Amino acid sequence: MAEPLWTSDELLAATAGRLDGAPFAATGVSIDTRTLEPGDLFVALAGERDGHEFAAAALARGAAGVLATRPVGGPAVLVGDTLRALEALGEAARVRAPQARRGAVTGSAGKTSVTQAIRAGLVRAGRAHASVKSYNNHIGVPLTLARMPRDTLRAVFEIGMNHSDEITPLVRMVQPHAVAITTVAQAHIENFADGEAGVARAKSEIFEGLQPGGQAVLNADNRWFEFLAGAARAHGAEVLAFGSSDACVAQLLDFRLDGGGARVEARLRGRRVGFSLRQTGSHWGLMSLAALLTMEALGVGADDALAALSAFEPLEGRGAERQVEIAGGAFTLIDESYNANPASVAAALRTLGLRPARRRIAVLTDMLELGRESSAYHAGLAAEIEAARVDLVFCAGPMMKSLFEALPPTRQGGYAGSAAALELLLTRAVEPGDVVMVKGSRDSHAKALFEALSGLAPRSGEAA
């Protein structure tokens with residue numbers, strides 16, 4: 001039997017709750033009955049649906065007990081507020097594992113992939129713990145902490161934000177020894193009166209919880225580097241810069257596609273290193289260096305760090321690709337559908353431009369939360385499309401109309417007001433030898449277009 005993650009006595013001590021029913025021991029923590037494992041503690045959070053409505057189902061599926069505000073007909077620890085109790089549980093998990101070196105990652109793009117790449121290195125180096133998926137908000141961060149085993153040696157946490165003052169309480173829970181900011185760009189800028197400057201300030205909140213003498217891994221090629229470096233030093237951090245300058249601790253010398261992946265040449269603390277990646281995104285030249293420096297700060301040896309990076313696969317929706325068989329051959333489909341902002345779309349277009357292909361095709365849906373300048377940001381992608389020598393562009397959504405109208409007719413593949421309305425036109429257009437990249441914000445349904453292309457069968461009446 002697995003060692004308990006939490007006993008009911010420990011839960012009582014951490015949350016100041018009271019026991020209802022028999023004592024119990026939990027081997028995990030869950031907030032969702034769909035993914036709950038037998039032995040988990042089920043946390044009944046309030047939300048669109050009250051988690052207490054699912055407590056009986058959780059117990060039926062094998063939950064060891066429930067963290068709740070009222071009796072649930074089974075073993076439970078009762079508290080006044082389950083979210084506050086989850087936060088307290090996360091902080092207790094951190095306190096009881098003083099040996100664990102903790103890292104935290106934020107940024108306007110790339111934070112989930114970089115976090116998971118770091119996780120791969122931590123696992124190679126010993127007992128490790130990390131965020132799953134994009135558990136980076138006011139629920140995901142304390143949940144990830146609460147799941148951390150007491151014998152963890154290293155851990156990494158992803159921390160996100162949509163507004164100011166959201167990162168501060170989360171990073172103070174984590175209290176990391178090292179932090180990384182992948183980049184600052186036009187993401188969520190409609191929530192900031194001063195646009196990107198407000199985003200930079202909000203990202204700098206990650207220094208608020210940094211341990212004394214901690215390290216800040218920062219992108220020297222980003223326009224906000226000096227601001228962020230100054231904020232980090234004001235909190236007593238050592239700045240570790242990555243970028244293209246020879247003044248950087250980790251300097252990118254070259255990034256080039258190589259087979260189904262890429263080859264990176266870099267200088268790390270004055271020593272030249274070369275390594276392969278399974279990623280093809282051009283931004284991975286810099287992101288790999290961010291991951292390497294953060295792993296180093298958390299005590300991962302160079303051999304483990306480089307091996308982890310070389311084996312790390314692209315994540316779903318963040319650069320994963322596949323060959324799709326259609327009549328007469330196959331085309332390459334690149335999944336960048338998880339989310340989008342001007343910087344991440346530009347990076348995806350640059351990567352597409354590096355790919356040899358019969359035709360390079362970009363499929364783009366609206367970028368959201370860009371505020372009053374949204375139309376201009378969308379139209380501005382026309383220059384990136386030109387530079388990447390993209391052959392055809394398909395656009396969906398009211399904002400993407402601005403881009404479509406800014407393109408020359410020779411590049412206009414098709415436009416529709418929604419992803420659903422574009423699907424038929426798009427799926428009829430692809431041909432063998434094409435490289436097709438799908439990118440857009442989640443709520444503009446780029447994923448649906450990726451799935452439509454991924455599921456293409458040989459056209460009726462034609463042989464495969």
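Among residues of the stretch 4-29 that are closer than 13 Å to V66 by Cβ, those with a beta-carbon under 7 Å from a residue that is β-branched (V, I, T) and at pLDDT 95 or above at least six positions away or on a different chain give the pairs S8/V77; L11/V77; T15/V77; T15/V79; G17/V77; G17/V79; L19/V77; V29/V43. Counting the residues of the stretch 433-464 that are modelled with pLDDT under 95 and either more than 30 Å from the chain's Cα centre (by Cα) or in a loop (DSSP other than H, G, I, E, B) (or both) gives 13.
Given the structure, is V184 within 19 Å of the chain's Cα centre (by Cα), under 23 Å from N339 (Cα atoms), in a helix (DSSP H, G or I) and hydrophobic (A, V, I, L, M, F, W, C)? No. Can you say whether D246 is part of a strand (DSSP E or B) and more than 20 Å from R154 (Cα to Cα), as far as the supplied structure shows? No: the conditions fail for D246. Please find, within the stretch 154-181, the residue that is surrounded by the most Cβ atoms within 10 Å (Cβ to Cβ) out of those that are in a helix (DSSP H, G or I), more than 19 Å from the chain's Cα centre (by Cα) and without any contact (Cβ under 8 Å) to a residue 60 or more places away in the chain. Looking at residues that are in a helix (DSSP H, G or I), more than 19 Å from the chain's Cα centre (by Cα) and without any contact (Cβ under 8 Å) to a residue 60 or more places away in the chain, I get P169. The condition (being more than 18 Å from R150 (Cβ to Cβ), open to solvent by less than 60 Å² (accessible area, probe 1.4 Å) and in a helix (DSSP H, G or I)) is satisfied by just one residue among L45, L59, L86, L67: L59.
Checked against the criterion of being touching a Ser or Thr at 6+ places or on another chain (Cβ under 8 Å) and at pLDDT below 95, the candidates E3, E37, E48 yield just one match: E3. E386 passes every criterion in (1) under 23 Å from the mean Cα position of the chain (by Cα); (2) assigned to a helix (DSSP H, G or I); (3) at pLDDT 95 or above apart from (1).
Within the stretch 196-224, the set of residues being open to solvent by less than 10 Å² (accessible area, probe 1.4 Å) and assigned to a loop (DSSP other than H, G, I, E, B) comprises G214 only. Residue check: is M287 under 23 Å from Q211 (Cα atoms), touching a residue at least 60 places away in the same chain (Cβ under 8 Å) and buried (at least 22 other Cβ atoms within 10 Å of the Cβ)? Answer is no for this residue. Taking E208, is it free of Cβ contacts under 8 Å to residues at least 40 places away in the same chain and over 21 Å from S344 (Cα atoms)? No. Residue count for the stretch 393-419, restricted to those that are open to solvent by 30 Å² or more (accessible area, probe 1.4 Å) and either within 22 Å of G319 (Cα to Cα) or outside any helix (DSSP H, G or I) (or both): 7. When R233, R269 are checked against the criterion of being over 25 Å from R201 (Cα atoms), basic (K, R) and open to solvent by 10 Å² or more (accessible area, probe 1.4 Å), a single residue qualifies: R269. Selection of first residues in the stretch 363-380 that are open to solvent by 10 Å² or more (accessible area, probe 1.4 Å) and of second residues that are basic (K, R), restricted to Cβ pairs under 9 Å at least 6 apart or on distinct chains, gives the following pairs, ordered by first then second residue: L368/R442; S375/K401.
The values are calculated or read from the model by the stated rules, or taken from the named source; none is laboratory data. Note that the structure is predicted; figures quoted are calculated from it, not measured. Cβ coordinates were reconstructed from backbone atoms using ideal geometry, including for glycine residues, and neighbour counts include every protein chain displayed. Calculation scope for accessible area: heavy atoms of the full protein, side chains included, ligands and nucleic acids excluded. Shrake-Rupley method; radii C 1.70, N 1.55, O 1.52, S 1.80 Å.
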